[in-house]
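All remarks here apply to the structure that follows.
The values are calculated or read from the model by the stated rules, or taken from the named source; none is laboratory data. Keep in mind that what you see is a predicted model, and the values were worked out from it rather than measured. Virtual Cβ from ideal backbone geometry, glycine too; neighbours counted across all protein chains shown. For the accessible areas, the whole protein counts, side chains as well, though only heavy atoms, and no ligand, DNA or RNA atoms are used. Shrake-Rupley method; radii C 1.70, N 1.55, O 1.52, S 1.80 Å.
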Amino acid sequence: MALERKDVENIAHLARIAINEDDIAATTAKLSGVLDLIDRMQAVDTAGVAPLAHPLETSQRLRADTVTETNQRDAYQAIAPATEAGLYLVPQVIE
């Protein structure tokens, strides 16, 4: 799909992108090249290819779900201005 100068100007206007007059020709050529590449990719027969979630067949290494730190909530809340039932109390900011 080849774009024309008017198409690029319209796309730039819709995207609120300012393109210099000198750059319109180069931008038109680059965008036309991208659209041509997309057309070629769409033309490839992928009927027998199963979709992939990821290009590499890997599995994620997971660590054991175990507690590694001690509970220090009381020490952290000891320096707080106000706490109640294990929660921090803060001034109301929205009415």
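Couple of notes before you dig in:
- Residue in the stretch 67-86 that is part of a loop (DSSP other than H, G, I, E, B), loosely packed, with under 11 Cβ neighbours inside 10 Å, without any contact (Cβ under 8 Å) to a residue 24 or more places away in the chain and touching a helix residue (DSSP H, G or I) at 6+ places or on another chain (Cβ under 9 Å) present: yes
- Exactly one residue out of 45, 36 is charged (D, E, K, R), open to solvent by 100 Å² or more (accessible area, probe 1.4 Å) and within 30 Å of residue 1 (Cα to Cα): that is 45.
- Test for residue 28: is it over 26 Å from the mean Cα position of the chain (by Cα), of a type outside the set (A, V, I, L, M, F, W, C) and closer than 13 Å to residue 1 by Cβ: yes
- Boolean, residue 19 is without any contact (Cβ under 8 Å) to a residue 40 or more places away in the chain, assigned to a loop (DSSP other than H, G, I, E, B) and surrounded by 10 or more Cβ atoms within 10 Å (Cβ to Cβ): yes
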